[in-house]
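Down below is the structure, laid out as structure tokens.
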Amino acid sequence: MAPAQTSSQTQYVVQVRRQLNGARDLLGARGFEKTHDYKIATLANGGAKSSTLDLQKGMQYVIIGVCDKDCSDLDIKVYDENDRVIATDTSADDKPLVTVTPRWTGEFRILVSMYKCGNSPCYYGIGVFGQ
């Protein structure tokens, strides 16, 4: 059984989910739909985590990251199956966004890096939308 979340943890998850839902609504107006479940997790200041996504050939994806109020710099890199970077947003902001249109169907790796978190660990979320 997973440990219960404290109210402050729940507050951070709600902040992140609200931002992802806002991105979903904005992208939905442009014809994009949510294609994968949101990934919500924590990262320490200076930390990084990888996860994989199955993406479809020829589909245009927008991958967006968001983070809680204590985070001010979150970055995303997307790697293909040959470990080549195919998209990156390393701007000094807390809402990285990349677009990817895979040339083949397969597994792609997303690397999320927490460059600036004022109250470590910070909560972040990744949303994947396609059309």
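Here is how the numbers come out for the structure above:
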{"item": "Selected residue (criterion: surrounded by the most Cβ atoms within 10 Å (Cβ to Cβ)) from residues of the range 16-33 that are of a type in the set (G, A, S) and closer than 15 Å to K95 by Cα", "result": "A23"}
{"item": "Count of residues meeting criterion [loosely packed, with under 14 Cβ neighbours inside 10 Å, part of a loop (DSSP other than H, G, I, E, B) and in contact with a strand residue (DSSP E or B) (Cβ under 8 Å, 6 or more places away or on another chain)] in the range 61-89", "result": "2"}
{"item": "Pick from the range 36-51, criterion part of a loop (DSSP other than H, G, I, E, B) and under 13 Å from the mean Cα position of the chain (by Cα), ranking: nearest to R18 (Cα to Cα)", "result": "Y38"}
{"item": "F108, sole failed condition from (1) more than 23 Å from T10 (Cα to Cα); (2) exposed (fewer than 13 other Cβ atoms within 10 Å of the Cβ); (3) of a type outside the set (D, E, K, R)", "result": "(2)"}
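We did not get these values from a lab; they are worked out from the coordinates using the rules stated. If you're wondering where the values come from, they're calculated on a predicted model, not measured in any experiment. Methodologically, a virtual Cβ is constructed for each residue, glycine included, from the backbone with ideal geometry; neighbour enumeration extends over all protein chains shown.
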